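Asker: To start, I am sharing the structure in question, which I have written as structure tokens.
The values are calculated or read from the model by the stated rules, or taken from the named source; none is laboratory data. Quick caveat: nothing in here was measured; it's all calculated off a predicted structure. So basically every Cβ, Gly included, is an ideal-geometry build from the backbone, and we count neighbours across all protein chains shown. For the accessible areas, the whole protein counts, side chains as well, though only heavy atoms, and no ligand, DNA or RNA atoms are used. Shrake-Rupley method; radii C 1.70, N 1.55, O 1.52, S 1.80 Å.
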Amino acid sequence: MFVTDCRQQFYDVIVSQRVLLLVASDVDALCACKILQALFQCDHVQYTLVPVSGWQELETAFLEHKDQFKHFVFINCGANVDLLEILQPEEDTYFFVCDSHRPINVVNVYNETQIKLLVKQDDDLDVPAYDDIFRDEEDEEEDSENDSDGSEPSDKRRRFEEEVIERTMKRRQRREWEARRREILFDYEQYEYHGTSSAMVMFDLAWIMSKDLNDMLWWAIVGLTDQWVQDKITQMKYVTDIGVLQRHVSRHNHRNEDEENSLSIDCMRIAFEYDLRLALYQHWSLYESLCNTSYTSANLKLWSVQGQKRLQEFLADMGLPLKQVKQKFNSMDMSLKENLREMIEESANKFGMKDLRVQTFSIHFGFKNKFLASDIVYATASLMESIEKEGPETTNFIKALDSLSRGNLDKLHQGLDLAKKQLRAIQQTVASCICTNLVISQGPFLYCSLMEGTPDVKLFSKPVSLCLLSKYLLKSFVCSTKNKRCKLLPLIMAAPMNVEQGTVIMVGIPPETESSDKKNFFGRAFEKAADSTNSRTLHNHFDMSIIELKTEDRSKFLDALISLLS
């Protein structure tokens, strides 16, 4: 059921209990987790935190802890499947689910006792009506009435015929109802998309309880920016949510303008900015950032010789010397940096890049450290999917969680270095895929497969990195292809997952169009194709559009997908 009052129905219930937090491996979930941890710290709530990267880990964690805990909080996992069926909990177990995955499973919506959904009510959820999908089991067989001894045989026969007709009518109605139910559920569950960021939902809770701090507000901003960087929400939704957070930012940070009671310079300050859509440019060189941001790289077609020439022309148009552009941003001449945004924007318009400015927020720690929200997203995501082996599986999760605290700037800088490596790897892979024509049109979709032995292929066995690569590749392909039909197609990308076990990881992403609503139909399509061909697949990820598949089954699986989507 939907929780209407987060404070009363959620926080006041768990504040006196031992709680198990199950947190998915994405930046928005980490931010929501940080906000909830800060609230728990205020009220001395006992909790255990368990990171889960997929359904298998979630089930294992539940089975291990179900005897010690009765209250479970799921962050960015659990809303889009029937939790009661998967976990088979006792009747006195309660699940609080804060998840941005849509559509929400109907059983979770209509379960009044055990499942509480912490979801922003103004998201257009379009949940089907209860009566359309559930009906009380009626006894099909009516009790045949006792016939009185004195009745005529013809009466008996007439009554029997009426009963037969009535039963047939009931069966037909039931069949019609079931067909309609299947249709309604198919329409509802067909597309996968994302609602309001979980970090924003948690920040709302803190705000309602008057416990919202600047740190929590920053985590909410990073959670929203993660959705934007990963291309999970529409531009319209992003701008709307930015507006909501902007009001909180001016409420929390207005003291800086006032000379008399201004904050110490070492304090943390958040500011709203129109900044450049260039990845990590303040911690890199401007040249590297232009080359490794998907927006500029795709628009200038940097994988070609012609594209490299256009980049030189772009820099010349701005009047920036190469020596300045190629050194660290911090070391550039102050005179150039002052009007840099305006210069870049003016030249970008001439080169057809009209959306180079974006609404975002920045954070300052003292004089020295300034970060944009997107910097934090790239750094945290890279720490979480780092392929350097260090201790147990959860090490990366803990590192990524720590990098969000302002006391751990060394971890954040480590994340920024990893993010640069990741962005370079993505850009090189995109260039090689386009130059060697690895993106093939399969009819209803585009398909690209990375071979074992490709540079950085290990990195792309991780879901977030593979999704980023797929989105960058599709953007670049759309800019490079002359075929108008191909510009409107979605993309399926495959990369080797585990060579010993012979598995590949596959992700499907929606078409790259201006009006795209970011709804993804590949989750259901993958399930159907796997069922119809008996392919050995594993649907372990919380995003249904990411699956693991045995390498030998790949060709029959793709054939089934082509016939299904044609």
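Asker: Counting only protein chains, not ligands or nucleic acids, how are Met451, Met169, Met200 ordered by accessible area (probe 1.4 Å), most first? Before the final figure, lay out the partial values.
Answerer: Working: Met451 120, Met169 90, Met200 10 Å².
Descending accessible area places them as Met451, Met169, Met200.
Asker: Let me ask another. Going 7 Å from the Cα of Arg247 along its beta-carbon direction, which residues of the stretch 1-19 have the amide nitrogen within less than 19 Å of the resulting point?
Answerer: 5-7
Asker: What percent of all Cα-Cα pairs in the stretch 27-132 falls in each 5 Å bin, counting up from 0?
Answerer: 2, 10, 21, 25, 20, 14, 5, 2, 0
Asker: Holding the Cα-Cα limit at 28 Å, pick out from Lys328/Lys354; Lys368/Lys475; Lys326/Lys482 the pairs that are longer than that.
Answerer: On the way: Lys328/Lys354 26 Å; Lys368/Lys475 35 Å; Lys326/Lys482 33 Å.
Where the Cα-Cα span goes over 28 Å, the pairs concerned are Lys368/Lys475; Lys326/Lys482.
Asker: Rg and Dmax of the stretch 5-45, using alpha carbons, in Å: what are they?
Answerer: Reported Rg and Dmax, both Å: 10.8, 28.
Asker: May I ask you to derive the relative contact order of the stretch 1-147, considering only C-alpha pairs under 8 Å and at least 6 residues apart, and to give it as an integer percent?
Answerer: Working: 200 pairs, mean separation 36.7, N = 147.
That works out to 25 percent.
Asker: While we're here: Radius of gyration and Dmax for the stretch 423-483's Cα atoms, expressed in Å?
Answerer: Rg and Dmax of the stretch 423-483, Cα atoms, are 11.2, 32 Å.
Asker: Ratio to report: Rg/Rh of the stretch 468-539, with Cα atoms as the point set and Rh obtained by the Kirkwood method; give two decimals. Kindly include the intermediate steps, with their values, before the conclusion.
Answerer: On the way: Rg = 14.2 Å, Rh = 13.8 Å.
My calculation of the ratio gives 1.03.
Asker: If each of Lys484 and Lys170 carries a label point 7 Å out from its Cα toward its Cβ, how far apart are those two points in nm?
Answerer: My value for the distance between the label points is 5.9 nm.
Asker: In what sequence, largest accessible area first, do Ser335, Ser289 appear using a 1.4 Å probe?
Answerer: Details: Ser335 80, Ser289 0 Å².
Final ranking, largest accessible area leading: Ser335, Ser289.
Asker: Return the ratio Rg/(2.2 N^0.38 Å) for the stretch 414-549, where Rg is computed over Cα atoms only. Intermediate results must be reported in sequence, preceding the final value.
Answerer: Details: Rg = 14.8 Å, N = 136, 2.2 N^0.38 = 14.2 Å.
For the stretch 414-549, the normalised Cα radius of gyration is 1.04.
Asker: Tally Lys/Arg at +1 and Asp/Glu at -1 over every other residue whose Cβ is under 9 Å from the Cβ of Gln227; what's the total? The partial results should precede the final answer.
Answerer: Working: positive: Lys232, Lys237; negative: Asp28, Asp226, Asp231, Asp241.
Local net charge: -2.
Asker: For the stretch 177-234, compute Rg over Rh where Rg is the Cα radius of gyration and Rh is the Kirkwood radius from the inverse mean 1/r over Cα pairs. Present the calculation step by step, with values, prior to reporting the outcome.
Answerer: Details: Rg = 17.1 Å, Rh = 13.6 Å.
In the stretch 177-234, Rg relative to Rh is 1.25.
Asker: Under a point spin-label approximation (7 Å from Cα along Cα-to-Cβ), what is the Ser563-Ser432 distance to one decimal in nm?
Answerer: That separation, rounded to one decimal, is 3.5 nm.
Asker: Leaving out ligands, DNA and RNA, and with a 1.4 Å probe, what % of the accessible surface on the stretch 200-348 is carbon or sulfur? Write down the numbers at each step before the final one.
Answerer: On the way: 3450 of 6750 Å².
Result for the stretch 200-348: 51 percent of the exposed heavy-atom area is carbon or sulfur.
Asker: Could you look at the stretch 449-566 and say what percent of its accessible area is carbon and sulfur, using a 1.4 Å probe and all protein chains?
Answerer: 53
Asker: For the chain, what's the relative contact order in percent, using C-alpha pairs closer than 8 Å and at least 6 residues apart?
Answerer: On the way: 858 pairs, mean separation 71.6, N = 566.
The normalised contact order for the chain reaches 13 percent.
Asker: Hey, another quick one. Could you tell me the center-to-center distance, by alpha carbons, between the stretch 1-22 and the stretch 530-560 in angstrom?
Answerer: With the stretch 1-22 and the stretch 530-560 each reduced to a Cα centre, they are spaced 37 Å.
Asker: Could you work out the percent of alpha carbon pairs in the stretch 204-243 separated by over 16 Å, rounded to a whole number? Walk me through the numbers on the way to the answer.
Answerer: Details: 313 of 780 pairs.
In whole percent, the long-distance tail amounts to 40.
Asker: Using modelled backbone amide H atoms (1.01 Å from N, in-plane), which distant-in-sequence or interchain residues come within less than 5 Å of Ser449's amide H?
Answerer: Those qualifying (amide H under 5 Å, at least 5 residues apart or on another chain) are Ala494.
Asker: For the stretch 170-247, run through the GluC sites (Glu not before Pro) and keep only the ones in DSSP coil with at most 10 other Cβ atoms within 10 Å of their Cβ. Let's see the in-between values first.
Answerer: Numbers: sites: Glu176, Glu178, Glu183, Glu189, Glu192; in loops: none.
Sites meeting the loop and neighbour criteria: none at all.
Asker: Further question: Hey, could you get me the Stokes-Einstein D for the stretch 338-397, Kirkwood radius over alpha-carbon pairs, 37 °C and 0.692 mPa s, rounded to whole µm² s⁻¹?
Answerer: Details: Rh = 14.8 Å.
D = 222 µm²/s.
Asker: For the stretch 395-454 and the stretch 292-326, what is the separation of their C-alpha centers, rounded to whole Å?
Answerer: 21
Asker: Ok, one more. Ignoring everything except DSSP H segments at least 4 long, calculate the 222 nm mean residue ellipticity for the chain; use -39,500 (n - 2.57) per segment, divide by total residues, nearest 500.
Answerer: Numbers: 21 runs with 262 residues, N = 566.
That calculation yields -14500 deg cm²/dmol at 222 nm.
Asker: I would also like to ask the following. Per q in 0.11, 0.15, 0.26, 0.29 1/Å, what log10 I(q)/I(0) does a Debye calculation on the alpha-carbon atoms of the stretch 394-457 return?
Answerer: -0.44, -0.66, -1.06, -1.18
Asker: Any idea of the accessible area per residue across the stretch 163-316, 1.4 Å probe, to the nearest Å²?
Answerer: Details: 7220 Å² over 154 residues.
Value for the stretch 163-316: 47 Å² per residue.
Asker: To make sure I understand the rule: partners must be lysines, Cα under 28 Å from the Cα of Lys70, and not fewer than 8 residues away in the same chain. Which ones qualify?
Answerer: Within the straight-line cut-off, Lys70 pairs with Lys34, Lys116, Lys120, Lys211.
Asker: Express the relative contact order of the stretch 172-233 as a whole percentage, based on alpha carbon pairs under 8 Å and six or more residues apart in sequence. Before the final figure, lay out the partial values.
Answerer: Details: 25 pairs, mean separation 23.4, N = 62.
Over the stretch 172-233, the number comes to 38 percent.
Asker: Listed here are the pairs Lys462/Lys519; Lys232/Lys487; Lys309/Lys350; Lys484/Lys528; which of them are more than 26 Å apart at the Cα? Intermediate results must be reported in sequence, preceding the final value.
Answerer: On the way: Lys462/Lys519 22 Å; Lys232/Lys487 20 Å; Lys309/Lys350 15 Å; Lys484/Lys528 29 Å.
The answer is Lys484/Lys528.
Asker: Here is a follow-up. Can you give the three extents of the C-alpha atoms in the stretch 337-438 along their principal axes, from longest to shortest, in whole Å?
Answerer: Computed over the Cα atoms, the extents are 50, 46, 19 Å.
Asker: Another one. Kindly rank 342-348, 380-386, 74-80, 102-108 from highest to lowest mean number of other beta carbons found within 10 Å of each residue. Walk me through the numbers on the way to the answer.
Answerer: On the way: 342-348: 17.0, 380-386: 24.7, 74-80: 26.7, 102-108: 21.1.
So the peptides 342-348, 380-386, 74-80, 102-108, ranked by packing, come out 74-80, 380-386, 102-108, 342-348.
Asker: A further question follows. Let me check I've understood the local charge: for Val45, count other residues with C-beta under 13 angstrom from its C-beta, Lys and Arg +1, Asp and Glu -1. What total comes out? Walk me through the intermediate numbers first.
Answerer: Numbers: positive: Arg18, Lys211; negative: Asp12, Asp43.
Value of the local net charge: 0.
Asker: Working with all protein chains in place, sort Trp219, Trp228 by solvent-accessible area computed with a 1.4 Å probe, largest first.
Answerer: Numbers: Trp219 25, Trp228 45 Å².
The most accessible residue leads, giving Trp228, Trp219.
Asker: With viscosity set to 1.306 mPa s at 10 °C, what whole-number translational diffusion coefficient in µm²/s follows for the chain from Stokes-Einstein and a Kirkwood radius over Cα pairs? Mind showing how you got there, number by number?
Answerer: On the way: Rh = 26.1 Å.
Reported coefficient: 61 µm²/s.
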